[in-house]
Amino acid sequence: MNSESMIELSSQSLFVSFIVLLLAILPIGMAVKSKRVWTSRIGIGVTHLAFLMQLLYFFVRWAAIGHAPVSNMYEFMTFFGIMLIGSTLLIFHLYKQIVVLLFSIPISLIIIGYGSVFTSEASPLIPALQSNWLSVHVITVAISSAILSIAFVTSIIYLVSAMDVDKKTRGARGLEFVMYCLVIVVGFIMSSIIFSFTYDEKIIEFENKGGTVERAIYKMPALFVNDGAKLAHEQTSFGWIELTNSIDAQKLNTIFWAFLFGSVIYLVVRIAARKNISQLIKPLTQKVNPLVMDEITYRAVVIGFPLFSLGGLLFAMIWAHLAWGRFWGWDPKEVWALITWLFYAGLLHLRTTKGWEGNRTAWMAIIGFGLIVFNQVFVNLVIAGLHSYA
């Protein structure tokens, strides 16, 4: 089997696993509501099947391209979503809390769906990426991020179950804002799919801050462009709002459309249901033991934090030294990785020394997940730096 056929097989495995995970939500939801054993067994079995197909995607693609498939946004986010499913299955077998699967699977699908809007083309690695330490660094970061994401999922479950979401308290509004942010990611996926069919991509040229001509491909209507942007070959003005060239305007433009589509989706759901999203999912947590969710949150951070320390800092520094000749350079992504590490260190410190449990741990775990997403999405896509190619 040639490499093209193997890549096609891996892509099909990933797509089928996505559908299988969607189907798994139904029996798992029934198990959460009714506690029937057969629905639980079906849901867990189907989820295991989907995870095996995801692993098939990963290793077949690895064999086809000759290196670990974690070198671009499509590959990294896909692997992140896969590891979230694997971590959730492990948590289920340890704690027997199927409700974690019910909430975790949609988050994984959103992550994989987000990754799917980027190019899946397997291109040769640039020199900075041609190192085994890249694979070690990125794989460890993805696994640790997935485990820390479990803490996010169980924190959501904890807060929804323990909080009166019908009251307009600060906590209820904060929880609903988290739901809104998740819908924004869905908006990004939807906008990318819709514009891929309705908008002819445009190639523009502009002079970057280094004084050289750079090109950008717009797959969505251009509201934001870099200063001096013109259509390639035509040299006519392009876009509405010009931004400094220290910002990736094309990617910021994409984020704007994601917020627009996500906001519309959120409003449609609110108007149709006449409830906010927190109220809609509240019945799914009626049989939840909040103390168990708090325990899982803490254990996930205890496991994920040292792994992130290795992957996000130690292994990253080794790779940076091999790629750029220095261990640390205050690149935007390096800075935010350090901020994320310090935040989770603070969470564990406050938990163990100050007795921060329950609501406080839950909110900190949610903010920590926000830092992970900000680093992997916004810093990667918008802020220019050495990691922008990812």
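The values are calculated or read from the model by the stated rules, or taken from the named source; none is laboratory data. Note that this is a predicted model, so its numbers are computed, not measured. Glycine also receives a Cβ, built like all others from the backbone with ideal geometry; neighbour counts cover every protein chain displayed.
Among the candidates VAL165, VAL186, the residue that is surrounded by 18 or more Cβ atoms within 10 Å (Cβ to Cβ) and part of a loop (DSSP other than H, G, I, E, B) is uniquely VAL165. Applying the set (1) crowded, with 18+ Cβ neighbours inside 10 Å; (2) assigned by TED's automatic domain parsing to the domain that holds THR297; (3) within 27 Å of ALA316 (Cβ to Cβ) to PHE118 leaves exactly one unmet item: (1).
Going through (1) among the hydrophobic types (A, V, I, L, M, F, W, C); (2) touching a residue at least 40 places away in the same chain (Cβ under 8 Å); (3) in a helix (DSSP H, G or I) one by one, ALA122 falls short only on (3). Within the stretch 79-87, not a single residue is in contact with a Gly (Cβ under 6 Å, 6 or more places away or on another chain), of a type outside the set (Phe, Trp, Tyr) and under 22 Å from ASN289 (Cβ atoms). For the stretch 1-51, name all the residues that are touching a Gly at 6+ places or on another chain (Cβ under 7 Å) and among the aromatic types (Phe, Trp, Tyr). The one that is touching a Gly at 6+ places or on another chain (Cβ under 7 Å) and among the aromatic types (Phe, Trp, Tyr): PHE51. Against the condition among the hydroxyl-bearing types (Ser, Thr, Tyr) and either buried (at least 20 other Cβ atoms within 10 Å of the Cβ) or in a helix (DSSP H, G or I) (or both), how does SER192 come out, does it pass? Considered against the rule, which asks whether it is among the hydroxyl-bearing types (Ser, Thr, Tyr) and either buried (at least 20 other Cβ atoms within 10 Å of the Cβ) or in a helix (DSSP H, G or I) (or both), SER192 comes out as yes.
List every residue pair whose Cβ atoms sit under 8 Å apart, with the two residues 6 or more apart in sequence or on different chains, where the first one lies in the stretch 88-106 and is over 15 Å from THR297 (Cβ atoms) and the second, anywhere, is buried (at least 18 other Cβ atoms within 10 Å of the Cβ) and among the polar types (S, T, N, Q). So the pair list comes out as LEU89/THR47; ILE98/SER40; LEU101/THR47; LEU101/THR88; ILE105/THR47; ILE105/THR88.
Scanning the stretch 151-201 for residues that are touching a Pro at 6+ places or on another chain (Cβ under 7 Å) and either more than 30 Å from LYS219 (Cβ to Cβ) or aliphatic (A, V, I, L, M) (or both) turns up TYR158, SER161, ALA162. Here ASP200, ASP166 are screened, and the one residue that is of a type outside the set (Ser, Thr, Tyr) and without any contact (Cβ under 8 Å) to a residue 12 or more places away in the chain is ASP200. Looking across the stretch 24-54, the residues that are more than 17 Å from SER87 (Cα to Cα) and either at pLDDT 95 or above or not in a helix (DSSP H, G or I) (or both) come down to LYS35, ARG36. The listed residues are VAL46, VAL70, VAL20, VAL16, and the only one of them that is crowded, with 20+ Cβ neighbours inside 10 Å and in contact with a helix residue (DSSP H, G or I) (Cβ under 9 Å, 6 or more places away or on another chain) turns out to be VAL70. Being under 30 Å from LEU280 (Cβ atoms), touching a Pro at 6+ places or on another chain (Cβ under 7 Å) and either basic (Lys, Arg) or touching a residue at least 12 places away in the same chain (Cβ under 8 Å) (or both) is the requirement here; does SER145 meet it? So SER145 fails the test. For the stretch 13-61, the set of residues classified as under 22 Å from the mean Cα position of the chain (by Cα) and of a type in the set (D, E, K, R) consists of ARG61 only.
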